[in-house]
């Protein structure tokens, strides 16, 4: 398999109009996923580090529950990776709530500098992209990137109170209760099975708006941004779809997946043989009533920090293009009749041996 550095341009790591190839290594040295009960009952249940049975996570409100979810994830991440909080230079983190209150109240006790991010459901890739820039540029040795969501806190803010018991549309998705986090480092110190994982490139997305106004159909709102990002990645890096073992979108669900496939075919790309969507994989559509699938910041974050990275370390995937997607709406914009723009961000993960060469 061709190594991605061979695609680099003469512009100091810049590739095309939207991408960067990291000339200095950025290693993934730790990862953790914590999810709720429903997620734990899905097809990926055995891959998660922890399944929380209590949706309130021992707190008094849904928002406090999501904060506690973040706090537990960081604690578990540091313990699992054998880092101390003093070893972490920055945290890049975000959630779906107004003013990022899950993040601010969840992470304050760690006394680590924090960049709060809002990319809607694309936040995990945004956090990993910016963390990688920080590490590769030499301004940090170890950085945490994380994202979370909670079904009940998201429903409360964006849709209807749970007590209302509204009927869910067939195209709607179920917000994942979960938090996924990684540590990105300048040095490799946790190879597994003779393999290490590097962030080798990123592609930053543009805001794409096809005029969709149905806030219950997140897949249709976000799919155009995903297709635009994936095509831009191919163009910037001068690669074809088979350059990747797997192309992964975040939370388009069954509706958005079909739109992405069609839009990319119109651009001349067929990714049907190596494409999956986290929103489809995390729930069992036949047994769990989640309509079109899963969504939320936590959807792609926990799928990456469990199944996907586990499969990479096991040698099943050599290179993945990870593309979480976000719907950029608020209750204000929706109630004012605005459309729902989308955005997607892409991160390239590649297996290498501990010496930094491509793993076989």
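Restricting 116, 106 to those that are in a strand (DSSP E or B) and either touching a helix residue (DSSP H, G or I) at 6+ places or on another chain (Cβ under 7 Å) or in contact (Cβ under 8 Å) with a residue 12 or more places away in the chain (or both) reduces the list to 116.
In this structure, is residue 77 part of a helix (DSSP H, G or I), in contact with a strand residue (DSSP E or B) (Cβ under 7 Å, 6 or more places away or on another chain) and in contact (Cβ under 8 Å) with a residue 40 or more places away in the chain? First the steps, then the outcome.
Details: part of a helix (DSSP H, G or I): yes; in contact with a strand residue (DSSP E or B) (Cβ under 7 Å, 6 or more places away or on another chain): yes; in contact (Cβ under 8 Å) with a residue 40 or more places away in the chain: yes.
Considered against the rule, which asks whether it is part of a helix (DSSP H, G or I), in contact with a strand residue (DSSP E or B) (Cβ under 7 Å, 6 or more places away or on another chain) and in contact (Cβ under 8 Å) with a residue 40 or more places away in the chain, residue 77 comes out as yes.
Scanning region 30-72 for residues that are farther than 20 Å from residue 310 by Cα and either assigned to a strand (DSSP E or B) or not assigned by TED's automatic domain parsing to the domain that holds residue 150 (or both) turns up just one, 52. Of everything listed in (1) touching a helix residue (DSSP H, G or I) at 6+ places or on another chain (Cβ under 8 Å); (2) at positive phi, the single unmet condition for residue 74 is (2). Among the residues of region 53-69, those identified as surrounded by 19 or more Cβ atoms within 10 Å (Cβ to Cβ), in contact (Cβ under 8 Å) with a residue 40 or more places away in the chain and within 18 Å of residue 40 (Cβ to Cβ) are 65, 66, 69.
Could you list, in sequence order, all residues of region 320-343 that are assigned to a strand (DSSP E or B) and more than 12 Å from the chain's Cα centre (by Cα)? Reasoning before the result, please.
Start the filter on region 320-343 by keeping residues that are assigned to a strand (DSSP E or B), which leaves 320-323, 325-327, 342-343.
Hits for region 320-343 are 320, 327, 342, 343.
Scanning region 84-98 for residues that are in a loop (DSSP other than H, G, I, E, B), over 15 Å from residue 147 (Cβ atoms) and touching a residue at least 24 places away in the same chain (Cβ under 8 Å) yields 88, 89. Just one of the listed residues (132, 137) is more than 29 Å from residue 220 (Cα to Cα) and buried (at least 19 other Cβ atoms within 10 Å of the Cβ), and it is 132.
Is it true that some residue in region 146-155 is surrounded by fewer than 17 Cβ atoms within 10 Å (Cβ to Cβ), at pLDDT 80 or above and outside any strand (DSSP E or B)?
Step one: list which residues in region 146-155 are surrounded by fewer than 17 Cβ atoms within 10 Å (Cβ to Cβ), which gives none.
Within region 146-155, not a single residue is surrounded by fewer than 17 Cβ atoms within 10 Å (Cβ to Cβ), at pLDDT 80 or above and outside any strand (DSSP E or B).
Of the set (1) at pLDDT below 90; (2) in the same structural domain as residue 232 (by TED's automatic domain parsing), all apply to residue 358 but (2).
The condition of being in a strand (DSSP E or B) and either at pLDDT below 95 or assigned by TED's automatic domain parsing to the domain that holds residue 32 (or both) holds for only one of 127, 181, that being 181. Pairs meeting the criteria (first residue in region 119-133 and touching a residue at least 60 places away in the same chain (Cβ under 8 Å), second residue in a helix (DSSP H, G or I) and crowded, with 24+ Cβ neighbours inside 10 Å, beta carbons under 6 Å, at least 6 apart or on different chains) are 119/126; 121/297; 123/297; 124/300; 124/301.
The values are calculated or read from the model by the stated rules, or taken from the named source; none is laboratory data. Since the model is a prediction, treat every value here as computed from it, not as a measurement. Counting neighbours? That spans all protein chains shown, and the Cβs are built from the backbone with ideal geometry, glycine included.
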